[in-house]
Amino acid sequence: MTILSDTIDKPEADAGERAADARPDATRKRRPIPWTRVLAYGVLPALALLLALASGYLAWVGGPTDELDRARTESVRAARDDAVALLSYRADSAERELAGARERLTGDFKDAYTTLTREVVIPGAKEKHVSAVAKVTAAASVSATHDHAVVLLFVNQTVTVGDGAPTDTRPVIRVSLDKVRGRWLVSHFDPV
């Protein structure tokens, strides 16, 4: 045999060996699934994405509710404080106290309150030595948005004229407030 004939016969044998190599070998071991990689690159990122989506959804759903609750709480607190400031004064310092109360007002009500206090309340307090003390006994939010609120107040006001006996009144007041530059200001102050 020559080298040439050995090479010619061999390709058939090599083709058979190549075909055997191409077939999956039953005795070959399958590579085990690397669970740490599946966990690190598949499950954990998917879980993080789901948590991010869930927290975003809850913030989207709960956000407006939190804002309204905050508006209710802040507006009720402001209405209580403002009512006490508007309705309380001493005879000797009425002008200063009521001028300070005007800073808590807005709109047409501010103009009307300014006129009333300058023309009636301050002169009367000075001439007749009138003093008033107000206390809010109860308050409730009627409605609230992010920039407007209505609050119902139950007030006890004690008025003393000169050396006379104090007179008590218990008005119920509906207070409308507008949020102006981050502050709740009184826009209406109406006895019910």
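Derivation of every value follows stated rules applied to the coordinates shown; laboratory data play no part. Computed from a predicted model, the values in this text were never measured in an experiment. Don't worry about glycine lacking a Cβ; one is built from the backbone with ideal geometry, like all the others, and counts go over all protein chains shown.
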### Message
Which of R104, R90, R30 has the fewest other C-beta atoms within 10 Å, and how do the rest follow up to the most?
### Response
R30, R90, R104
### Task
Mind jotting down the distance between the C-alpha centroids of the range 81-123 and the range 152-177, whole Å?
14
### Query
Can you put E97, E67 in order, fewest other beta carbons within 10 Å first?
E67, E97
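In the neighborhood of Y113, defined by Cβ-to-Cβ distances under 12 Å, what is the net charge if each Lys or Arg adds +1 and each Asp or Glu adds -1? Don't skip to the end; give the middle numbers.
Values: positive: R102, R104, K110, R118; negative: D82, E103, D108, D111, E119.
Overall, the nearby charge balance is -1.
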